[in-house]
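Enquirer: Provided herewith is a single structure, encoded as structure tokens, for subsequent inquiry.
The values are calculated or read from the model by the stated rules, or taken from the named source; none is laboratory data. The structure displayed is predicted, hence computed values, not measured ones. Every residue, glycine as well, gets a Cβ built from its backbone with ideal geometry; the counts of neighbours run over all protein chains shown. Side chains are part of the model used for accessible areas, which takes the heavy atoms of the whole protein and leaves out ligands, DNA and RNA. Shrake-Rupley method; radii C 1.70, N 1.55, O 1.52, S 1.80 Å.
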There are 2 protein chains.
Amino acid sequence: MTHRDQLLQAAVRVYAEVGYRGATTRRIASEAGVNEITLFRHFGSKDALLREAINRAEDAVVEPALPEAPEAPFAEVLEWARRYIVGLRERRALIRTCMGEIEEHPGLIPPEGSPPAKAAKALCRYLRRLRDLGHAKADFDESAASALLMGALFADSMGRDVIPDMYSNQPEEALREYVRLFLRGIGVEQSDPAGDA
Amino acid sequence: MTHRDQLLQAAVRVYAEVGYRGATTRRIASEAGVNEITLFRHFGSKDALLREAINRAEDAVVEPALPEAPEAPFAEVLEWARRYIVGLRERRALIRTCMGEIEEHPGLIPPEGSPPAKAAKALCRYLRRLRDLGHAKADFDESAASALLMGALFADSMGRDVIPDMYSNQPEEALREYVRLFLRGIGVEQSDPAGDA
DNA sequence: CCCCGTAGCAAGCGCCTGCTTGCATGCCCT
DNA sequence: AGGGCATGCAAGCAGGCGCTTGCTACGGGG
């Protein structure tokens, strides 16, 4: 791995932990195992380094997929939600920091086509097919419905370790219950609410 | 208003905007309209000032109430959700900053009985009565159900101004749809899904 | 063999940080 | 009138910040 990549990785790591002001060039360079001057020779400034590092980290996010042709809604949505929430949990330190600083440093985060927006689009399309194929019998708005489920997954992944009073149940059981409630909300009769995915 | 209160108010305001490291004692004092030295004479240190300011701001949060005896679930939950999301939106800068720094400065936020945990408890109790009284006919877990709705409200209030792609619908219409989906999910037949609260 | 790009080291620049000291000023209560 | 108390001003401390300069060392391709 080149020094450049070491610096980029250390930069996201440190930024996720201590934010923009806390991520000093000395500390990033130290965590990357290179000299601070090498940082400036490669990126010119702290701002440019952090911008590139965060953009790269965001581009590396892989969104879970939903089948084009729905067959078993409960299993499919559960599996999608599980993958989605795992991704959120893994990146939660970075997400939290970005959320806290997005108003102060909007330039650090690429403006359009962010991961949650892409995931919402995919879920919306799946829900539309679900209704068109007669699996979802209720009258509902797909974008609000996907925001409901994704919002619950987001809040769970961000809050579970911080507000234990509120999330005292088991993560996996909570996940299944979210999906159960959600599918019932859009009018899906569930095939196997107790089985595995 | 005493200088002490001016300092406390300026401290939360500046902290919400620029975080712990950005909230310098000079800036807080300047925004409060008092001398920096007065800050140290009153609170001793920046840390003590911020701790007291944030604790006080959190104590001042008033949670919306739910009726003890459910009568019109849709109207009642909608009104509660509306008040709850309004509170979140008003405090969203502070909430975002706290979220981003809770791992680094856990001492700033009082550990137990945080506002969302209290709200979740209240909603859980309401949902239990809803089921006991036969209004909610589905088999569901109250704590997961309340986490579902509250998570959606939380994510909406935090993300609407930041991910416009995902929240392109109108806030009020989205809110009604969250409540509609949620109530259908717990097995409530809705009385007036189109009427006002 | 030498040359050039990449790297490190030591030092430092001006600025900001939290916090302190010394002293003067005003106001309220008695 | 006078004594205390809260406040302000000027100045400064040591330390950290982003970033720069000058110089040296290495290692592969002409």
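Enquirer: Any idea which of B:Gly33, A:Ala117, A:His105 is furthest toward the positive side of the dipole for the protein assembly as shown, if Lys and Arg beta-carbons carry +1 and Asp and Glu beta-carbons -1?
Expert: Result: B:Gly33.
Enquirer: Now for a different question. Using a loss threshold of 40 Å², tell me which positions in the stretch B:135-153 are less accessible in the complex than in their chain alone. Probe radius 1.4 Å, ligands and nucleic acids ignored.
Expert: B:Ala144, B:Ala147, B:Leu148
Enquirer: Another question, then. Which far-off residues, 5 or more places away or on another chain, put their amide H under 5 Å from the one on A:Ala72, with H placed in the peptide plane?
Expert: Distant-sequence amide H within range of A:Ala72: zero hits.
Enquirer: Identify, for chain B, the residue whose C-beta comes nearest the rotation axis onto chain A, and round that distance to whole Å.
Expert: Residue of B nearest the axis onto A, distance in Å: B:Gly100, 1.
Enquirer: What list of ³J(HN,Hα) couplings, whole Hz, do you get for the stretch B:122-128 from phi and the Karplus terms 6.51, -1.76, 1.60, once you set θ to phi - 60° and write x for glycine and proline?
Expert: 5, 5, 4, 5, 4, 5, 5
Enquirer: With every protein chain present, what is the per residue accessible area of the protein assembly as shown (1.4 Å probe, Å²)?
Expert: Counting only protein heavy atoms, the per-residue value for the protein assembly as shown is 45 Å².
Enquirer: State to the nearest 20 debye the size of the charge dipole of the protein assembly as shown about its Cα centre, where the only charges are +1 on K and R beta carbons and -1 on D and E beta carbons. Mind showing how you got there, number by number?
Expert: On the way: 52 positive and 62 negative charges, 219 e Å.
That gives the protein assembly as shown a dipole magnitude of about 1060 debye.
Enquirer: Tally Lys/Arg at +1 and Asp/Glu at -1 over every other residue whose Cβ is under 15 Å from the Cβ of A:Arg51; what's the total?
Expert: Details: positive: A:Arg4, A:Lys46, A:Arg56; negative: A:Asp47, A:Glu52, A:Glu58, A:Asp59, A:Glu101, A:Glu104.
Counting the neighbours of A:Arg51, the net charge comes to -3.
Enquirer: Is it possible to state the helix-based mean residue ellipticity at 222 nm for the protein assembly as shown, with each DSSP H run of 4+ residues giving -39500 (n - 2.57), the sum divided by total residues, to the nearest 500 deg cm²/dmol? What is it? Walk me through the numbers before you get to the answer.
Expert: Working: 18 runs with 258 residues, N = 394.
Per the formula, -21000 deg cm²/dmol.
Enquirer: Rounded to the nearest Å, what's the spacing between the alpha carbon centres of the stretch A:39-81 and the stretch A:131-153? Just the number, please.
Expert: Here the answer is 23 Å between Cα centres.
Enquirer: Here is a follow-up. May I ask you to give the percent of accessible area on the stretch B:1-73 that is carbon plus sulfur, with a probe radius of 1.4 Å?
Expert: Working: 1930 of 3850 Å².
After summing per-atom areas, the C and S share lands at 50 percent.
Enquirer: If you don't mind, another one. For A:Ala136, what residues show an amide H to amide H distance below 5 Å, using hydrogens built from the backbone and excluding near sequence neighbours?
Expert: A:Arg131
Enquirer: Quick one: label points 7 angstrom along Cα→Cβ at A:Asp139, distances to the other copies in nm, smallest first?
Expert: Listed shortest first, these distances are 3.1 nm.
Enquirer: Could I ask something else about it? Across the residues of A:100-110, average count of Cβ atoms on other protein chains within 10 Å? Walk me through the intermediate numbers first.
Expert: Working: counts 12, 7, 6, 9, 6, 0, 1, 0, 0, 1, 0.
Shielding by partners across A:100-110 averages 4.
Enquirer: From the label point of B:Glu71, set 7 Å from Cα along Cα→Cβ, how far away are the matching label points in the other copies, in nm, ordered shortest to longest?
Expert: Ordered by distance, the counterparts are at 5.2 nm.
Enquirer: If you don't mind, another one. How many Å² of accessible surface get buried when B and A come together, counting both sides, probe radius 1.4 Å, rounded to the nearest 100? Before the final figure, lay out the partial values.
Expert: Numbers: alone 10800 and 10800 Å², together 17760 Å².
Summing both sides, the interface buries roughly 3800 Å².
Enquirer: For B:Ser168, place a label point 7 Å from Cα along the Cα-to-Cβ direction in every copy; what are the distances to the other copies, in nm, shortest first?
Expert: 4.2
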